[in-house]
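The values are calculated or read from the model by the stated rules, or taken from the named source; none is laboratory data. Bear in mind the structure is a predicted one, so any value in this text is a computation, not a measurement. A quick note on method: Cβ atoms are made from the backbone with ideal geometry, for glycine too, and the neighbour counts reach across all protein chains shown. Please note that ligands, DNA and RNA were not included when accessible areas were found on the heavy atoms of the full protein model with its side chains. Shrake-Rupley method; radii C 1.70, N 1.55, O 1.52, S 1.80 Å.
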Amino acid sequence: MSPFKKDRRALNSDPIPVRAGIGLKPQHYQDVLETNPDVGWFEVHTENYMGAGGAPHFFLEKIREKYPLSMHGVGLSLGSAEGVSLDHLKAVKKAVDRYQPALVSEHISWSVANGVYLNDLIPLPYTPETLQLTCDHIEQVQDFLGRQILVENPSTYLLLHASVMEEPEFLNQILARTGCGLLLDVNNVYVSCENHGWDAQTYLAALKPDTVQEIHLAGHSLKTWRGKTLRIDDHGANVSRDVWALYDYTLKLMGPKPSLIEWDSNIPSLMTLQQEAHRADIFLKTHGSRDLQEEHEYVCG
């Protein structure tokens, strides 16, 4: 049995507050240090801080002194049949040990084939075989890091005929078997459900609230392919009105959770990210205190 099954939450003296955070981008390093923005925390992509030194470490070390930190990976390829790269895992551990983030997360996906890294997070077929494989890799990562990780639900654009279980069931099985936590990406839920004709509220209701430790919010775009409209999870715009509404429903089910504004393309100003985070904070405060209901209704409207 994984040691993380009994105690899911890694002990940390600098926890992520139940507030909105933003993804830290190099364009904003200097502004963050000069203005000390009123955001709860920052999240970085782990792979951007695997080097020995340079500007990324210079700035992150200073920002880390002021703010709680989460590290979000994109390269472990937890669902790959080739297994987790030990070299990559060692580099992740070095970065995690250096910055001691409160949360460490990865994706339920695969991105390596024949030793070649693909620049994408490719979905898995939901089968007993891929379930066991993914669980084995998650336990390997948690044991190597000496801590719990969170895994993120994917955004998908096609369905695999091999799948024999629904996505929420697949996630619940992973969480139960490994003791890892769930990084619930609400935009991904919306994108996948719209693309496949699933009901987003039914999807969310199938998840277990106590497993959710972080929420992601992001923008998406619309594309037309073979006469069909697809929603693409490109993190390149404001959170949409429909995703804010689904976030509101998520908080009703799950309770307030640390929530991140992701914006990875068409990077806006730091002020724009702060405004999105402030909007998320209003939702979080409303679900923790009914005294803010009027302000919440204004934001929803």
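Based on alpha-carbon atoms, the Kirkwood radius and the radius of gyration of segment 97-172 give Rg/Rh equal to 0.99.
Residues of the chain were split at every exposed loop site, defined as trypsin sites (Lys or Arg not before Pro) in a DSSP loop with at most 12 other C-beta atoms within 10 angstrom, and the longest piece left, sites excluded, is 67-225. For the chain, the Kirkwood radius over C-alpha pairs fed into Stokes-Einstein at 20 °C and 1.002 mPa s yields D = 109 µm² per second.
Amide hydrogen proximity for VAL212: with H placed 1.01 Å from N in the peptide plane, the residues at 5 or more positions away or on another chain lying under 5 Å are LEU182.
Average accessible surface for the chain: 45 Å² per residue, computed with a 1.4 Å probe over protein heavy atoms with every protein chain in place. Just report the Cα centroid separation between segment 244-275 and segment 72-123, whole Å. Centre-to-centre (Cα) distance: 24 Å.
Just the number, please: Stokes-Einstein D of segment 21-125 in µm²/s, Kirkwood Rh from C-alpha pairs, 10 °C, 1.306 mPa s. The estimated diffusion coefficient comes to 108 µm²/s. Overall dimensions of segment 199-294, expressed as equivalent-ellipsoid semi-axes from the Cα gyration tensor (√(5λ), whole Å, largest first), are 24, 19, 11.
Given a Förster distance of 22 Å, report the FRET efficiency between THR229 and ALA206 from their Cβ-Cβ distance, rounded to the nearest 0.05. Using R0 = 22 Å, I get an efficiency of 0.30. Fully extending the segment from VAL18 to LEU86, taken as 0.36 nm per residue of separation minus the present Cα-Cα distance, adds 21.1 nm. Taking label points 7 Å from Cα along the Cα-to-Cβ direction, GLU169 and ARG98 give a separation of 4.3 nm. Using the structure shown, list the pairs from LYS66/LYS257; LYS90/LYS208; LYS228/LYS252; LYS25/LYS62; LYS223/LYS252; LYS25/LYS93 with a Cα-Cα distance above 25 Å, or answer none. Violating the 25 Å limit, Cα to Cα: LYS90/LYS208; LYS228/LYS252; LYS223/LYS252.
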